[in-house]
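Taking it in order: structure first as structure tokens, then the write-up.
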Amino acid sequence: MALGATKKDRIDALAKSSVDDSGVSLAASAWRRLRRNPVFLVGLGITLLFVLVAAISPLIAPHDPSARDLIDQVVKARNEIPPAQPGHPLGGDLQGRDFFSRLLVGSQQTLMVGVLATLFGLTGGLVLGTLAGAIGGWVDSLVMRIVDVMLSIPSLLLAFSIGALFAHPNQFTVIIAVATVQIPIFARLLRGSMLAQRGSDHVLAARSLGVKPGQIVFRHMVPNSLGPVIVQSTLVLATSIIDAAALSFLGLGNPNDAIPEWGQMLGTSQEVLDSHPALSFWPAACIIIVALGFTLMGESLRDALDPKNRR
Amino acid sequence: MLRYTVRRLLQMVVVLLVLSLLVFAWLRALPGGPVSALLGERATPESRHDLIVQLGLDQPIFVQYLKFLGRALTGNFGTSNGVQPGTTAMDLFLTRFPATIELSVFAIIIAVVFGIPLGYMAAKRRGGWFDNATVIGSLVGIAVPVFFLAFLLKYIFAVKLGVLPSDSRQSVTDATRVTGFFVLDGIITQEWDAAWDAFRHLILPAIALGTIPFAVVFRITRAAVLDVLDEDYVRTAESKGLTAQLIRRRHVLRNAMLPVVTTIGLQTGALLAGAVLTENVFAFPGVGQALALGFERRDYPVLQLLIMMAAMVYVVVNLLVDLSYALIDPRIRTR
């Protein structure tokens, strides 16, 4: 079980799984066990379905998600919104827009938030982590000191603090805020993986053949870190979507809701939960299912890559 | 042990210094610069000038940082301009902190009381339906946005069923204040209805706040017990015929609890982030609500103090956990 008690332990344990000395290809042995793991398959199924819906949602959405088709059924004075009706299976939202279409199309932005936040976090972490791990010395000490301090601020609070730096929040600033929190995690993960590989046979072989240090890092060490990075990325996909919703809830999210996003739909509909629970329930259900899918996939991948289980 | 403690304390000082650098940089990066951020938009030119001089913004950057550090060390973080206008940020923190501690303690109690036994039972029944159901349940617990869970609890139990109060810390208005912990106050002064009332106000927010720590404690307990059950000394204990109860208490739980203790400590330290969301939903007047309002109203004097305090609490808890760990585990003590 690569489940350490502290955030740092967990990252470090995951980093160590990039060193393999069993002689069997890591990907092959992991896949052999994953193929028959129902938890992984459920997670994969949810993820594939989510990506598929996001890809084709503009085609299958019955209405334009930003068109106020049902605006005449919105009665502000009596706090009424359009009920479910033929052609509008979930009714309309507070602005009279078809809610079902907004949910479908919302998957696109949600996927984008997750993927971009993960990519930004990974890129930042890759730069810092390889820098620290490859150069070592005072660069390593400095980078890791800052990384550890960032890890010592509760991550959601860090995301809020970064979100508050922008005078005019939008979808992009939300992604930046959620991604920055992930940078120290990826940095520590990649550095740990580099250190773990430093003494391993394939690096030693490359070095004795006279391969340049830069090439060893990028051709041999970084590719071997791929396993732990994939695990962490799947988990980050889940947390970034949830964190983005929390930012919206605190008013640090994207105020422009012409293009729907689940986190934004959930965060902003909390105020009317008492009178219109469905407006919160559906985006919440979507987020929970998708986050669960990513988490199931990530956790079973983590188990599959864990050297302890690779017997 | 003493050398270890001193080394960890020195490390903590370094961490806090880097942290102050980060908060200082954060303050400089705020929209409109620190003056607009700290004074708000309706500031007069005179007050702007006063603050520029007071903060030393006309001086070199390292002087500015030293001044910032000086103010931080003396607890002078300025006056709130959004959450409770007129109150100093420090006073605001001090009056609200007991509420958050009380809430956090209840949340952690919930997490521990349910997390450890369920984690142990799941590990003993590895692969069975109980194990699978609780593991998936804990993953769902992590996937549910905290603020939505809080709203859901409030909607069902306070709005629809009306069995529990939906906001604030206490409905009884004439309760005597002693410690700032309302349940404890009621018990000390023997005002039982005040204590009971404060307790009822804590139930829903504590459940919402405790869900994620519960899920984490559950999973760590399960993983740790699984690890220990595999150990030779447990097999030895079984084969020499010790009773199941004795094996559980002396061999399994005592060893498996080490990572669990760490987890509980760290989760407690990190609760403040969840409290921002939970306290906001239940209008619970703690530090978390102040942070949520601070973000909403851009009350930067309050935010800089509270963010700093949140990180400090986390760092200190981290240190205490590591030290207690060294006390429990002789292997670390001798290192």
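The values are calculated or read from the model by the stated rules, or taken from the named source; none is laboratory data. If you're wondering where the values come from, they're calculated on a predicted model, not measured in any experiment. Ideal geometry is used to build each Cβ from the backbone, glycine not excepted, and the neighbour counts take in all protein chains shown.
Given the condition surrounded by 19 or more Cβ atoms within 10 Å (Cβ to Cβ) and either at pLDDT below 85 or β-branched (Val, Ile, Thr) (or both), answer yes or no: does some residue in the range B:65-75 qualify?
Yes - at least one qualifying residue is present in the range B:65-75.
Would you call A:PHE249 over 20 Å from the mean Cα position of the chain (by Cα) and farther than 30 Å from A:ASP12 by Cβ?
no
Please specify each residue of the range A:1-35 satisfying the condition of being of a type in the set (A, V, I, L, M), closer than 28 Å to B:LEU266 by Cα and modelled with pLDDT of 70 or more.
Listed by number, the residues that qualify are A:ILE11, A:ALA13, A:LEU14, A:ALA15.
Among the residues of the range B:245-256, are any within 14 Å of chain A (Cβ to nearest Cβ) and modelled with pLDDT under 90?
yes
When residues of the range A:167-191 are filtered for being part of a helix (DSSP H, G or I) and either of a type in the set (Gly, Ala, Ser) or under 18 Å from A:GLY263 (Cβ atoms) (or both), how many remain?
So the count comes out to 13.
Mind checking whether some residue in the range A:250-259 is among the aliphatic types (A, V, I, L, M) and more than 10 Å from chain B (Cβ to nearest Cβ)?
First, the residues of the range A:250-259 that are among the aliphatic types (A, V, I, L, M): A:250, A:252, A:258-259.
Checking the rest, the ones that are also more than 10 Å from chain B (Cβ to nearest Cβ) come to A:258-259.
Yes, some residue in the range A:250-259 is among the aliphatic types (A, V, I, L, M) and more than 10 Å from chain B (Cβ to nearest Cβ).
Are any of the residues in the range A:141-151 without any contact (Cβ under 8 Å) to a residue 12 or more places away in the chain and more than 10 Å from every other protein chain (Cβ to nearest Cβ)?
yes
Here is a list: A:ILE230, A:ILE288. Which entry is at the interface with chain B (Cβ under 9 Å from one of its Cβ atoms), surrounded by fewer than 24 Cβ atoms within 10 Å (Cβ to Cβ), under 14 Å from the mean Cα position of the chain (by Cα) and not acidic (Asp, Glu)?
Numbers: A:ILE230 fails: at the interface with chain B (Cβ under 9 Å from one of its Cβ atoms).
The conditions single out A:ILE288.
Considering A:ALA246, A:ALA179, A:ALA196, which residue is crowded, with 24+ Cβ neighbours inside 10 Å, away from every other protein chain (no Cβ under 12 Å) and either touching a Ser or Thr at 6+ places or on another chain (Cβ under 9 Å) or within 23 Å of A:MET150 (Cα to Cα) (or both)?
Of the residues listed, the single one that is crowded, with 24+ Cβ neighbours inside 10 Å, away from every other protein chain (no Cβ under 12 Å) and either touching a Ser or Thr at 6+ places or on another chain (Cβ under 9 Å) or within 23 Å of A:MET150 (Cα to Cα) (or both) is A:ALA179.
Can you name the condition, by its number, that B:GLY241 falls short on among (1) within 14 Å of chain A (Cβ to nearest Cβ); (2) part of a loop (DSSP other than H, G, I, E, B); (3) over 30 Å from A:LEU247 (Cβ atoms)?
Among (1) within 14 Å of chain A (Cβ to nearest Cβ); (2) part of a loop (DSSP other than H, G, I, E, B); (3) over 30 Å from A:LEU247 (Cβ atoms), the lone unmet condition for B:GLY241 is (1).
Exactly one of (1) at pLDDT below 85; (2) within 8 Å of chain A (Cβ to nearest Cβ); (3) closer than 27 Å to B:ALA89 by Cα is unmet by B:THR262. Its number?
Failed condition: (3).
From (1) within 14 Å of chain A (Cβ to nearest Cβ); (2) part of a loop (DSSP other than H, G, I, E, B), pick out the condition that doesn't hold for B:ALA123.
(2)
Every residue, every condition in (1) without any contact (Cβ under 8 Å) to a residue 12 or more places away in the chain; (2) in a helix (DSSP H, G or I), yes or no:
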| position | (1), (2) |
| --- | --- |
| B:ARG177 | yes, no |
| B:TRP196 | yes, yes |
| B:ILE203 | no, yes |
| B:ARG219 | no, yes |
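Among the residues of the range A:47-58, is there at least one that is within 14 Å of chain B (Cβ to nearest Cβ), at pLDDT 75 or above and in a helix (DSSP H, G or I)?
yes
Only one of these conditions is not met by B:ARG169: (1) surrounded by 15 or more Cβ atoms within 10 Å (Cβ to Cβ); (2) within 14 Å of another protein chain (Cβ to nearest Cβ); (3) part of a loop (DSSP other than H, G, I, E, B). Which number is it?
(2)
For the range B:314-333, state whether one or more residues are buried (at least 22 other Cβ atoms within 10 Å of the Cβ), without any contact (Cβ under 8 Å) to a residue 40 or more places away in the chain, more than 7 Å from chain A (Cβ to nearest Cβ) and not small (Gly, Ala, Ser).
no
Would you pick out the residues in the range A:274-285 that are surrounded by 21 or more Cβ atoms within 10 Å (Cβ to Cβ) and facing chain B (nearest Cβ under 7 Å)?
Taking the range A:274-285 first, the residues surrounded by 21 or more Cβ atoms within 10 Å (Cβ to Cβ) are A:279-280, A:283-284.
Once the filter is applied, which keeps residues that are surrounded by 21 or more Cβ atoms within 10 Å (Cβ to Cβ) and facing chain B (nearest Cβ under 7 Å), the range A:274-285 yields A:SER280, A:ALA284.
Given (1) within 14 Å of chain B (Cβ to nearest Cβ); (2) surrounded by 17 or more Cβ atoms within 10 Å (Cβ to Cβ); (3) touching a residue at least 60 places away in the same chain (Cβ under 8 Å), identify the lone condition not met by A:ASN170.
For A:ASN170, the failing item is (2).
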